[in-house]
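The values are calculated or read from the model by the stated rules, or taken from the named source; none is laboratory data. As the structure is a prediction and not an experimental result, all values here were calculated from the model. All Cβ positions, glycine included, derive from the backbone under ideal geometry; neighbour counts span all protein chains shown. Accessible surface is based on the protein model in full, side chains and every heavy atom, while ligands, DNA and RNA are left aside. Shrake-Rupley method; radii C 1.70, N 1.55, O 1.52, S 1.80 Å.
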Amino acid sequence: MKTAYRAARIIDGVRGAAIEGHALVVADGRIEAIVPVAALTGDVRIVNLPGCTLLPGLIDAHVHMVDDASARPRGLVETETSGMTLLRTAQRAAACLRAGITGLRDMGASAGIMPTLRDAGLAGVLDIPRIITCDTQLTITGGYGRRFNVLGQEVDGVEGMRKQVRLHAKAGADFIKLMVSGQVSNAGAGVDAVQFTQAELDVAVEEAHRLGLRVAVHAIGLHGIRASVRAGVDCIEHGNFLTVELAAEMAARGIFLVPTLLTYRLLAHPPAELRLPHDVQAKAAIAWAASRQAMVLALEAGVCIGAGTDGGGPCIAHDAIVGEIILLAECGLSPVAAIAAATSVNAQILGLADGGSLAPGQRADVIAVRGNPLEDLCALRNIELVLLRGRALAPAPAAL
C-alpha cells in the first residue's frame with residue numbers, strides 16, 4: 001500500500017525553496033511523487049507530521065567508522081580483533097542511521113571491515129546507512145595515513161600503484177582514497193608535504209577510472225592540491241590551502257571539495273581532553289583560517305561543495321553531520337545549499353544515482369525533523385522519523 005507523509009513543508013534536496021501544502025508519496029521503498037495534499041485519495045495511507053519538515057536522509061561524505069571519536073581515536077582498533085572492530089563499527093553505523101544519516105562514505109578502515117558492513121546493509125542483515133567505502137587508504141612507504149599498518153596500505157612506484165588500485169577493486173572498494181599530503185595533527189610534518197609523485201597520482205586516477213572507480217584525495221597544502229587537480233581526481237578532501245587558480249580549475253573539471261570544517265575548527269580550538277603538541281596547535285590555527293578562505297574561493301569559482309565531518313577522528317562524533325552543515329552555512333552557503341551539500345551534492349560525490357533527493361524513482365531514504373531547518377539549521381537534530389528504503393525506523397538524538 002502507498003503511504004503519504006504529510007508535513008508542514010518538504011525540502012527535496014534540489015529546489016532552492018521548501019514546498020508547502022504537499023505530501024510525499026512512498027511505495028515499494030521508492031519515492032513515487034510529491035503531490036498536493038488535496039490530491040490524496042482514499043487508497044493511500046496518510047501519516048501526519050504536523051510542524052515537521054520532510055527532506056532526504058543526510059549523507060556524510062567523509063567519516064572513519066572504525067575510529068572511536070575519542071582523544072585517541074585509534075586506541076581500540078590498533079589492539080582489538082577484527083571481529084570486535086566489525087561489531088563496534090556496526091553499532092556506530094546503526095546509531096548514525098537513527099540520527100538521520102542514511103548514507104556515508106568511509107574514508108579508510110581496517111581491510112575488509114567496511115565492505116563487509118556495506119554488504120550486510122545491502123542484504124538487509126543490518127539496519128545501517130548505505131555505505132560507500134575505499135576499504136583502506138593508500139599512502140607511500142612510511143607516509144602519513146599508514147596508521148601503524150592498521151588502516152593504511154603502503155604503495156610505491158607507478159606499477160605498484162596500478163597493481164594496488166586493481167587489488168582494491170578486487171577487494172570490493174567503491175572508490176580509491178589517496179593520502180597526497182601530511183596532516184595538521186601529524187606532529188613534526190609540514191602541512192604542505194606532498195607524498196606521491198605526479199606519475200603515481202596520474203596512474204592511480206587512470207587505472208581507477210578505467211575500472212569505474214572514483215578517486216578521492218587527502219590534500220591539505222597547495223602543492224598536494226595542485227598535483228591532485230592535475231591528475232584529474234574526482235574529489236579533494238580538506239583542500240585548506242586552495243588558490244583562486246586551482247579553485248577555477250576544480251570548477252572547470254567538475255572536481256568536488258569536501259572541506260571537513262569541523263575537524264579544523266576543533267583542532268584550532270581543542271577541548272581539554274585533546275592535548276595537542278605546540279607545533280600542531282600552531283598549524284591548526286593557520287589551517288582553520290585557510291579553510292575559511294578556501295570556502296570563499298571555492299564558492300566564488302563555482303566549485304561543488306559536499307559535507308563531510310571526519311567523524312570518528314579526535315573528539316568528532318560519527319553522527320556530527322549537522323554541525324558540519326551549520327559550519328558550511330556560516331562560511332557562505334545558504335541554508336538550502338548547505339542542506340543540499342549533505343544530500344543531493346553528497347549523493348553525486350558518492351555516485352548514488354538513486355539517492356540524495358526526493359525525486360520520483362529515488363530510494364525512499366527520508367527523514368522528518370521537528371521545525372524548519374531553513375530558519376534554524378539546528379532543527380536537523382530534531383529527528384522525528386527516519387525511513388530506510390521506505391521502512392520507518394525509531395530515531396535517536398543526534399550529536400551536538
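Results for (1) under 15 Å from ARG9 (Cβ atoms); (2) open to solvent by less than 40 Å² (accessible area, probe 1.4 Å); (3) among the hydroxyl-bearing types (Ser, Thr, Tyr), shown as yes or no for each residue.
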site: SER334; (1), (2), (3): no, no, yes
site: ILE339; (1), (2), (3): yes, yes, no
site: LEU352; (1), (2), (3): no, yes, no
site: VAL366; (1), (2), (3): yes, yes, no
site: GLY371; (1), (2), (3): yes, yes, no
site: ASP376; (1), (2), (3): yes, no, no
site: ARG381; (1), (2), (3): no, no, no
site: GLU384; (1), (2), (3): yes, no, no
(message) Name the single residue that is least open to solvent (accessible area, probe 1.4 Å) among those in region 251-266 being of a type in the set (A, V, I, L, M) and farther than 19 Å from ALA338 by Cβ.
(response) ILE255
(request) Select the strands (runs of 3 or more DSSP E) contained entirely in region 45-147, then report the ones holding at least 3 residues which are under 27 Å from GLY224 (Cβ atoms). (result) 58-63, 101-106, 130-133, 137-139
(request) Kindly indicate whether any position in region 265-285 is in contact with a Gly (Cβ under 6 Å, 6 or more places away or on another chain) and assigned to a helix (DSSP H, G or I). (result) no
(message) Looking at LEU24, LEU58, can you tell me which residue is more than 23 Å from PRO314 (Cβ to Cβ), modelled with pLDDT of 95 or more, open to solvent by less than 10 Å² (accessible area, probe 1.4 Å) and of a type in the set (A, V, I, L, M, F, W, C)?
(response) LEU24
(request) Give the number of residues within region 60-111 that are touching a residue at least 40 places away in the same chain (Cβ under 8 Å), among the polar types (S, T, N, Q) and under 18 Å from CYS134 (Cβ atoms). (result) 1
(request) Could you grab me the full set of residues in region 269-313 that are over 22 Å from the mean Cα position of the chain (by Cα) and open to solvent by less than 20 Å² (accessible area, probe 1.4 Å)? (result) LEU274, VAL280
(message) Just the residues that are open to solvent by 10 Å² or more (accessible area, probe 1.4 Å), under 22 Å from the mean Cα position of the chain (by Cα) and more than 29 Å from LEU122 (Cβ to Cβ), please, taken from region 192-223.
(response) none
(request) Taking the residues in region 12-36 that are outside any strand (DSSP E or B) and acidic (Asp, Glu) as candidates, determine which candidate is farthest from ARG389 (Cα to Cα). (result) GLU20
(request) Look through region 319-332, keep the residues that are in a loop (DSSP other than H, G, I, E, B) and farther than 21 Å from LEU97 by Cβ, and return whichever of them is most open to solvent (accessible area, probe 1.4 Å). (result) GLY332
(message) Quick test of your reading of the structure: ALA337 fulfils all but one of (1) more than 16 Å from the chain's Cα centre (by Cα); (2) farther than 22 Å from VAL26 by Cα. Name the failing condition by number.
(response) (1)
(request) For region 224-250, enumerate the residues that are open to solvent by 30 Å² or more (accessible area, probe 1.4 Å) and either in contact with a Lys or Arg (Cβ under 9 Å, 6 or more places away or on another chain) or charged (D, E, K, R) (or both). (result) ARG226, ARG230, ASP234, THR243, GLU245, GLU249
(request) Taking only region 61-101 into account, find how many residues are small (Gly, Ala, Ser) and open to solvent by less than 10 Å² (accessible area, probe 1.4 Å). (result) 4
(request) Go through region 88-135 and count every residue that is under 14 Å from LEU388 (Cβ atoms) and not basic (Lys, Arg). (result) 22
(message) I'd like the full set of residues that are in contact (Cβ under 8 Å) with a residue 60 or more places away in the chain and touching a Phe, Trp or Tyr at 6+ places or on another chain (Cβ under 8 Å), limited to region 281-314.
(response) ALA284, ALA287, GLY306
(message) Against the condition over 23 Å from ALA353 (Cα atoms), modelled with pLDDT of 95 or more, open to solvent by less than 40 Å² (accessible area, probe 1.4 Å) and of a type in the set (Val, Ile, Thr), how does VAL158 come out, does it pass?
(response) no
(message) Condition check: within 30 Å of SER334 (Cα to Cα) and not β-branched (Val, Ile, Thr). Does GLY51 satisfy that?
(response) yes
(request) Give the number of residues within region 25-46 that are in contact (Cβ under 8 Å) with a residue 60 or more places away in the chain and aliphatic (A, V, I, L, M). (result) 5
